[in-house]
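Heads up: the structure comes next, in structure tokens.
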Amino acid sequence: MTLKEANKQLEKLENDYEYYLKEKEELESLVTPKATDIRIEKVDGGKRTDRLLEYVEKMDAKKIDETLDYIFQRKQNLINWIENELKIMLKYGEVESVIIQLKEKGKLNEQGIYEILTWEQISKEVHWSKSFCRNVYRKYKRKRDID
């Protein structure tokens, strides 16, 4: 997994967390002090509903609390992974970290889209040779074949 993929996944998890949190708030609105009137609510057709029972049934069906805990744990694990990757990148010098970021993320073009760079483009950006850039990235990835 690259840092770019990790950041995308972290944003997705944050979005999911907000979604389930809003779902939980909507369910809790059924049992607020206003909603827990002891009189049974009458609706069209004479059907009576118990709001507390409805809330409990929906919470059991959706398992929102467990989902929120699971998403929170995944977010924490992902944040820890990103921090560790950044610490690894700090072990390398400034030029090396630029090489790694250019290879993994690419560079913004005029339309605001990241484009993947070739080794020659990267070498022109950092003003080092193509082979040096490849070796730095090879050492970072700890793989023999990186292309």
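Kindly indicate whether Ile146 is among the β-branched types (Val, Ile, Thr) and closer than 20 Å to Gln9 by Cα.
No, not satisfied.
On the basis of being farther than 30 Å from Glu28 by Cβ, in a loop (DSSP other than H, G, I, E, B) and not small (Gly, Ala, Ser), does Lys143 make the cut? So Lys143 fits the description; yes.
One residue alone among Lys130, Lys58, Lys62 is in contact with a Ser or Thr (Cβ under 6 Å, 6 or more places away or on another chain), surrounded by 14 or more Cβ atoms within 10 Å (Cβ to Cβ) and farther than 20 Å from Leu3 by Cβ, and that residue is Lys130. Once segment 110-124 is narrowed to residues that are open to solvent by less than 70 Å² (accessible area, probe 1.4 Å) and modelled with pLDDT of 80 or more, the residue that is nearest to Ile146 (Cα to Cα) is Trp119.
Here segment 66-109 is the region considered, the condition is being at pLDDT 80 or above, of a type in the set (Val, Ile, Thr) and within 16 Å of Val136 (Cα to Cα), and the residue that is surrounded by the fewest Cβ atoms within 10 Å (Cβ to Cβ) is Val98.
Restricting attention to segment 1-17, which residues are outside any helix (DSSP H, G or I) and either exposed (fewer than 13 other Cβ atoms within 10 Å of the Cβ) or without any contact (Cβ under 8 Å) to a residue 24 or more places away in the chain (or both)? Once the filter is applied, which keeps residues that are outside any helix (DSSP H, G or I) and either exposed (fewer than 13 other Cβ atoms within 10 Å of the Cβ) or without any contact (Cβ under 8 Å) to a residue 24 or more places away in the chain (or both), segment 1-17 yields only Met1.
The values are calculated or read from the model by the stated rules, or taken from the named source; none is laboratory data. On a predicted model such as this, the values are computed, not experimentally measured, just so you know. All Cβ positions, even for glycine, are placed from backbone atoms using ideal geometry, and neighbour counts span all protein chains on display. Areas reflect the complete protein model, heavy atoms only, side chains present, ligands, DNA and RNA absent. Shrake-Rupley method; radii C 1.70, N 1.55, O 1.52, S 1.80 Å.
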